[in-house]
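Q: Take this structure first; my questions come after.
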Amino acid sequence: MSPGWKRKCDSCGRDVKARYEILEQRICNACYSRLRRNAAPCPACAQMKVLAFRSGDGQIVCAACAGVPSRFGCDRCGSEEHLTGSHCGRCRLEDRLDDVLADANGRVHPRLVPLREHLLSARDPRSAVRWLRIEPIGRTLRAMAQGAKPLSHETVNELGRSTRIRYFRRMLIAAGSLPEIDVRLNDLELRSRALIDGLPAEYAIIITRFFNWETLRKLRRRPVDRPISVGVANARATEVRKVAAFLAWLGENHLKLPTLNQVAVDRYLAHHDPNLIIGRFLAWVVRHRITQHFDVPRAQSTVSPATIAEDAVWEKVDVLLQTESTPMSSRIIGLFLLVFAQPIRDSVRLRRDDVQFTGENVKVQFGSTPVVLPPPIAELLVRYLDDTCDRPPYAGSPPGWLFEGVMPQQHLSDASVRFNLAKHGLHAREIKHARLDHLVQVLPASIVADITGFTVNTAMRHSANTRADWGIYSELRTRECKELDLGE
Ligand SMILES: [Zn+2]
Ligand SMILES: [Zn+2]
Ligand SMILES: [Zn+2]
């Protein structure tokens, strides 16, 4: 063994060569790399530095503050942040971007400059370096930069549909390199076209007509800032599949659309589509005289009325307050649902600006009236904000969502919250109505209407015949009325 080595690492305790001497310890390769990679604010100068030296008074500080030459700084810029090899994360990312985004003249393609700036704002540039290495991301960006592929949504469409590609598209939109579109609607279109392309031509023609005119045209009328929901996207995709199955059934039974009759339609619906998923399609073929006239039955609502007992609700409140294993964002949104009857789809769209701190209170603006959170929920929200304050992976994410999603600039998806809450037996629709009964006990009907979106009349009807016990949350009532100065 060479004299500089020791057979055991003082830091991790493993029996490995410990060739580095740091802070009176002999440490191994792995521990040394970990130290280098994790710069932290220096207690003396507050800059992000590798803390591996002692100051005169024995504090662990950076090299500069200890008055010794740094052995860690980036070869190019001297930074000690996000080190990887001989360079810092930012220098490495700059090199990588200049390479991937270069046009034929070796300069960054002008329309990709915003993407370059955006990626350089990453809190940890190393994650952006890794992302650029993922295929087909790197390859596609290079092709766009060099003009081999147009810088357009169509080029991204060619890459197929996956979470990775969706993330890529959202990133290009977030950076401003591609125009804003409804990504989910675009995906629905891709998904449906792929399905239709696999069908025999005679069916493909009719479904394409239906899909383009009856589905897409209506969905495209929505404003860009109100994208379609996951639920609508899934329902429309299922519809296309069900219509294809129906047309296949017609073929198997030697039936054709122009001669389709009531008996055949009823037989099909009874056996193959009791929930009337193809109802919109049937109404459309009748309306456009593609078939002869027949009656399309109306879909029955399968939603059961609200049935959830008072103590069951409070039990669920307690579960959400305490279950650390469920993501905090879902727990808070679940509590907003249970206590304030807030639909999940509205809660996920809350922005940081909708939360206000006033002395002791935390208020959330669900409608136009800020509502004071009961203390246990306020504490959870404050903890969540502390945990996530430096979370958005790219600086200055413009929308400022309270609940950031995984995709660039997107809020948390309602589907993931629903999924997490379903594990606790929480189903939004039945709860929203049940909670109205309780809310009207603690808030004036007009405010209940404002924050829940129910009409004032509905809220007042509920307030007339309910009696709620807020238990430990009873202070909500007094605080609320004081706060809003709006006693009933
Ligand atoms: Zn070690
Ligand atoms: Zn320092
Ligand atoms: Zn550097």
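Throughout, read-outs are computed from the coordinates displayed, never taken from laboratory work. In this text the structure is predicted, and so the values were computed from the model without any measurement. Note that we place each Cβ from the backbone using ideal geometry, even for glycine, and neighbour counts take in every protein chain shown.
Q: Sequence-distant or interchain residues sharing an amide H contact under 5 Å with Val362, placed H: which?
A: Answer set, sorted by chain and number: Leu373.
Q: Viscosity 1.567 mPa s, temperature 4 °C: give me the Stokes-Einstein translational D for the range 244-383 in µm²/s, with Rh taken as the Kirkwood radius over C-alpha pairs. Could the numbers behind the result be given before it?
A: Values: Rh = 19.5 Å.
Answer, rounded: 66 µm²/s.
Q: Any chance you could run the full-extension gain for Asp197 through Asp225? It's 0.36 nm times the residue separation minus the Cα-Cα distance, nm to one decimal. Working shown, then result.
A: Details: separation 28, 0.36 × 28 = 10.08 nm, distance 3.03 nm.
Result for the pair: 7.1 nm of gain on full extension.
Q: Same structure, new question: I need to check one value: relative contact order of the range 184-287, counting alpha carbon pairs closer than 8 Å and at least 6 residues apart, in percent. Please report the intermediate quantities before stating the final value.
A: On the way: 46 pairs, mean separation 35.9, N = 104.
So the answer I get is 34 percent.
Q: Return the Rg/Rh ratio of the range 60-117 with Cα-based radii and a Kirkwood Rh.
A: Numbers: Rg = 15.5 Å, Rh = 13.1 Å.
Over the Cα atoms of the range 60-117, Rg/Rh equals 1.18.
Q: What is the set of long-range amide H partners of Arg351 at a cut-off below 5 Å, with H atoms built 1.01 Å from backbone N?
A: The answer is Leu402.
Q: Roughly how many nanometres apart are two label points built 7 Å out from the Cα toward the Cβ at Leu120 and Ser33?
A: 2.9
Q: For the residue pair Thr358 and Ser70, what label-to-label distance in nm results when each label sits 7 Å from Cα along the Cα-to-beta-carbon direction?
A: So the label points at Thr358 and Ser70 sit 4.6 nm apart.
Q: How many percent of Cα pairs in the range 1-99 exceed 23 Å?
A: Working: 1623 of 4851 pairs.
Everything past 23 Å amounts to 33 percent.
Q: Related question: Each residue of the range 137-149 in turn: what ³J(HN,Hα) in whole Hz from Karplus with 6.51, -1.76, 1.60 and θ = phi - 60°, glycine and Pro shown as x?
A: Values per residue, Gly and Pro as x: 4, x, 4, 5, 4, 4, 5, 5, 5, 8, x, 6, 10 Hz.
Q: Asn212 versus Asn234, label points 7 Å from Cα toward the beta carbon: distance in nm?
A: Inter-label distance under the simple model: 3.0 nm.
Q: Per the Kirkwood treatment, what hydrodynamic radius in Å, one decimal, follows for the range 168-268 from the mean inverse distance over all distinct Cα pairs?
A: 15.4
Q: Rounded to the nearest 0.05, what FRET efficiency do Arg130 and Ser162 have when you use their Cβ-Cβ distance and R0 = 25 Å? Mind showing how you got there, number by number?
A: On the way: r = 17 Å, r/R0 = 0.69.
With R0 = 25 Å, the Cβ-Cβ based efficiency is 0.90.
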